[in-house]
Structures are given as C-alpha cells and as structure tokens.
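Asks: Here you go, one structure.
The values are calculated or read from the model by the stated rules, or taken from the named source; none is laboratory data. No experiment lies behind these values; they were computed from the predicted model shown. As a convention, Cβ positions derive from the backbone with ideal geometry for all residues, glycine included, and neighbour counts pool all protein chains shown. Protein only, heavy atoms only, side chains kept; ligands, DNA and RNA dropped before computing areas. Shrake-Rupley method; radii C 1.70, N 1.55, O 1.52, S 1.80 Å.
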Amino acid sequence: MQAAAIGLLNLSGLGLGYVLLRHWVGAALCWLATVALLVVALPADVDGVPVGVLVGYGVVLLAAAADGFRRGLRATLRIGAGLRRLALPLALVLLAVPAGGSLAYGAARDEAKEEALLARLATADERVKSGEGLLFERAEPLYRLALDTYQDLGTEHAGSRAGKLVPARLDAYYAQLSTPYAKKDYCKAVAPLTHLRGLSGTFDKELLGSRPAKTDEPLAESLYACGTAALGVQAADPPAETSLNALLDTFPKSAQATRVEPAVREAIKKRSAALDGGATPCDTVLEVRAIRTSLDSLTDAVFLGAAREAVATIEKGEFACGTSQFRSKDFGDAATTMTRFAKDYPTSSKAAHARSIAIAAEIADEEPEAGKSLPPVKAPGGARMVMVVSNDGPGAVDLLYTGPTTGKITLNACATCTKYPSSVFLDPKKIKACTGPASKYPKATLQLPAGNYHFLQKRVGTGTSAAGDTKTSKAKIESGYSYTNCLYVTSGF
C-alpha cells in the first residue's frame, strides 16, 4: 500500500511521493517538468500543447510513478501511522489535479478557439466596412475575402459563437451593398446587385437562403432606370444598350422589360417635338443619333418601329439644325450640314431646299450680306431674265448665286485664257475681259427672276491667289433686260 501511494502521489505531477520519501532531487525534477508544461501550455491558445510535449510529460510522470513505487517498497516513512493510512486516499484524490487541469485547459483552449473565430469575423466585418462608399469594382476584392471568411465560419464552424453570427452579417452585407439602390443611384446599384444575385452560384446556398432572390426586383428596376436615363446621352457610362440588353436578357418577363420599348419611343417623341422651334436642334439631333446607336445594339425585333421613328427624327433634326446654323450666321457649319442632308436624303421633299441653303451658306461665308435670310423654298413665278456667263480664265469655275432663286453652275476651263495683272498695278476698268471671239469662252446661261443677287466665283486648280480663286459680286436683275457676266482671274506679283 505504501509503494502504491507513493507512486500515485508522483503520478499527480506534484512530486509528493518523493517529498514523503525526502528524495528532493526527484521531487525537483517533477516540479521542473510540471512548470515546463505550464510555461508551454499557458496561456491556452487554439493550437494547444504540442503532442511531443504532452508525450514527454506523460513519460516523466510514469517514470516518476514507477520510481516512487520501487522506492516505496523498501523505504521506511518517518510519519505517523495515521498519516500513513491517509497517503493512499490522498494520492487518489490528487490524481484529480492533472485530470481537472486537463479539463480546465480544454475549456480554456475552446474559449481561445472561440476568440480566434470571433477575431476572424471582426476582420471580415472590417473589410466589408472599409468598402462602404467605394465604387463596387474597387471594393469587390475586399468583399470577396470577407465572404470567404463568412462562408468558412458559417459552415465549418457553424456551432461557434462566430458561426452563429454569420446570418446577421450576411443581412448587413446585403443591406450595405444595396445602399445605392436605396438612394436611387441606379447605375451604381447595378454592379453590387448583380454581385449579390450571383452569390448563389459561389456561396453556400443554405447560408444564403432566399437573399439572392430578393435582389431580382431591385436589379431589374436599376437596369431599367439606368438604361432609360442614358438614352440620348453621348458617351454615357454605361451606354443605354448595355443596361437595357442586360435587363432584357436577365429578366425578359419582368414588368420593367415590357416598359423599355415604350420608354425608347417616348424619348424619341420628346426630342422630335423639341425640334419644332426648339432653341438647340443640333444638340437634339445628336441625342437622337445616340438613341439610334443604342437601338442598333438592341437585338429584340420589338424595337424596329422605334428605329424607324429615330431615323425619321434624325432627318427632321438635320434639316432643323442646318437652318438654325444658317440663322445663327454659322454659315460654314450650315453649308456642311445641308450638303450632308441632301446627300443622305436625296429623295426627301426638303433635299432641293437643303441644297439651296447649302449654296447660300457657302456664299454668305464669303459675303455675310448674302445670308440675311434663308433662300425661298420655291423660286417665284413670272418672267425670267437671261444671264450669259462666260469663263475667261484658266481652270474650271463654279458660279454660285442666291437671291429670289438659288443655284450653282460649272463652266469648263478656257484653254487659251490667261490671268490678268493684279489691279494693284493696273486700273481694273482697263481689264478687257471676254473681248475676244465669243466662241473662245466656255459659256452657261442662267434664267433668273428679277431681284437682287449675290454671286460667288470659285476656281478649281488654278494655283492663283485666294483673291483670284474666290470672288464675290452683286447684281440687280431687272425685268425686260438680258445680262452678261464675265469670270476672269487676276494674278499677284
């Protein structure tokens, strides 16, 4: 009994068996081993005590117990009989010390694990929080890291305190990323809502529950609002067709999808109405062109009618833009716009008038007085006076005219004609142009109603000075007379 008591007392890790034997070296070794274990084990952490340390400590305790039992067989204890009888019960009781310590350490280690999991949760929360206010594209990497943590905690550690908090964190996550939608910032809402809806493909479905499905309506509304707001906006980011195609592809049966075609038509109708006397027809036609570009990218056949309406409105807008430029004295732009209109819409009822405006604008760009008013839609009726125009100069020449009627003629080059000296050195009255044989000069005949006219002579490829290449002049055509007009070139020195 004595040997067993001493062995059990040593097995407690306190070295008390050696103390009874007064074997202080052995007791000290037991104490050192226990202290070393405590140093390694405390404070308790997630990883616990290394297995090698536990095995080593167990070997020390067993060796101490065996050595104590051996020594107790032949030792005579210097204690009373009563204490000797208590030694064995005391040894058994003290065995609870390592067992209790083990249980306490296990509890401490479990708490350490909980704290570590809560720390991971807090880190994930901070990542989500740091993305608040940022564009989704910039914050997405942080969100992905946070979601990885939430998923691990919610699935692998579902029973932990941190794991039980994951559903609430997911609710907060969905709420934060839905903030742009709540603020009606629909274009910014599209990316985060698309992300939230798509989590069902990458995140644990049981943890997500019905959350992704709840984003369908907000996402559809955001795509609709963002897309329709971008109609007619040049260089919109994103373009209208990007959002609207996403809506039609993702939610083809939604109420928002059915509203797209009427919204597009309304956008065209609004701008068409603005062209009737509007102050900025050129800007308006650019907006309609942007809508037309969007319609080209909307593949659904339901938009064919809207596309035709856009084309008709662009035609209307181009003419309105050209006339507005003319009235605003932007003659160069007016000439470009109306020339393009006549080329793009040759069968239009306004094509002839557009050509007249383009000619008048070209003349007015050199002689602003010619642009006091738009050329008439139709030439006046009544008598016509003849004007014979001759070309006494090298190179072909265009003659543009505007007045009661507007037009343009081209005369071929005069093969034997030369340039006349500049009027700087010679009185222009002494220039005897078109005085040779009549057959020498290429001619054209104009039939002009009476009235005041502005003319613009434009030479092609003569290599003369600007003054010689382009000349403006005026003429009053009166009833009952015939007229001649000689076109010639002067040269500089």
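Asks: Tell me yes or no: at least one residue of segment 336-354 is part of a helix (DSSP H, G or I), closer than 30 Å to VAL190 by Cα and among the β-branched types (Val, Ile, Thr). Even if it seems obvious, please write down each step before you answer.
Replies: Residues of segment 336-354 that are part of a helix (DSSP H, G or I), as a first pass: 336-344, 351-354.
Add one more test, that the residue is closer than 30 Å to VAL190 by Cα, and what stays is none.
There is no residue in segment 336-354 that is part of a helix (DSSP H, G or I), closer than 30 Å to VAL190 by Cα and among the β-branched types (Val, Ile, Thr).
Asks: Note down all Cβ pairs under 8 Å where the first residue falls in segment 124-143 and is open to solvent by 40 Å² or more (accessible area, probe 1.4 Å), the second is among the charged types (D, E, K, R), and they're at least six residues apart or on different chains.
Replies: Sorted first by the residue in segment 124-143, then by its partner, the pairs are LEU135/LYS188; LEU142/ARG127.
Asks: Any idea which residue in segment 363-375 is nearest to PHE455 (Cα to Cα), counting only those that are within 47 Å of the chain's Cα centre (by Cα), touching a residue at least 24 places away in the same chain (Cβ under 8 Å) and open to solvent by 60 Å² or more (accessible area, probe 1.4 Å)?
Replies: The selected residue is GLU366.
Asks: Give the residue that is farthest from GLU137 (Cα to Cα), with candidates limited to residues of segment 194-232 that are of a type in the set (S, T, N, Q) and not in a loop (DSSP other than H, G, I, E, B).
Replies: Of everything passing the filter in segment 194-232, THR228 is farthest from GLU137 (Cα to Cα).
Asks: Follow-up. Which of the numbered conditions does GLY395 fail, given that it passes all the others? Conditions: (1) surrounded by fewer than 18 Cβ atoms within 10 Å (Cβ to Cβ); (2) part of a loop (DSSP other than H, G, I, E, B).
Replies: Single failed check for GLY395: (1).
Asks: Restricting to segment 145-158, what's the tally of residues that are outside any helix (DSSP H, G or I) and open to solvent by 60 Å² or more (accessible area, probe 1.4 Å)?
Replies: Filtering segment 145-158 for residues outside any helix (DSSP H, G or I) gives 156-158.
Checking the rest, the ones that are also open to solvent by 60 Å² or more (accessible area, probe 1.4 Å) come to 156-157.
Of the residues in segment 145-158, 2 are outside any helix (DSSP H, G or I) and open to solvent by 60 Å² or more (accessible area, probe 1.4 Å).
Asks: Among the residues of segment 193-216, how many are closer than 14 Å to ASP148 by Cα, open to solvent by less than 70 Å² (accessible area, probe 1.4 Å) and out of contact with any helix residue (DSSP H, G or I) (no Cβ under 8 Å at 6 or more places or on another chain)?
Replies: 1
Asks: A further question follows. What are the residues in segment 164-192 that are of a type in the set (A, V, I, L, M) and open to solvent by 20 Å² or more (accessible area, probe 1.4 Å), if any? Let's see the steps before the verdict.
Replies: Going through segment 164-192, the residues of a type in the set (A, V, I, L, M) turn out to be 165-166, 168, 170, 172, 175, 177, 182, 189-191.
LEU165, ALA168, ALA172, ALA175, ALA182, VAL190, ALA191 - these are the residues of segment 164-192 that are of a type in the set (A, V, I, L, M) and open to solvent by 20 Å² or more (accessible area, probe 1.4 Å).
Asks: List, please: which pairs have Cβ atoms under 9 Å, are six or more places apart or on different chains, and start with a residue in segment 252-268 that is free of Cβ contacts under 8 Å to residues at least 40 places away in the same chain and end with one that is crowded, with 20+ Cβ neighbours inside 10 Å and outside any helix (DSSP H, G or I)?
Replies: That search, which allows pairs on different chains as well, returns VAL260/LEU298; ALA263/LEU231; ALA267/LEU231; ALA267/GLY232.
Asks: Checking LEU374 against (1) at pLDDT 95 or above; (2) in a helix (DSSP H, G or I), only one condition comes out false. Which one?
Replies: (2)
Asks: Okay, next question. Mind checking whether some residue in segment 284-295 is under 30 Å from ALA213 (Cβ atoms) and among the basic types (Lys, Arg)?
Replies: Looking through segment 284-295, none of the residues is under 30 Å from ALA213 (Cβ atoms) and among the basic types (Lys, Arg).
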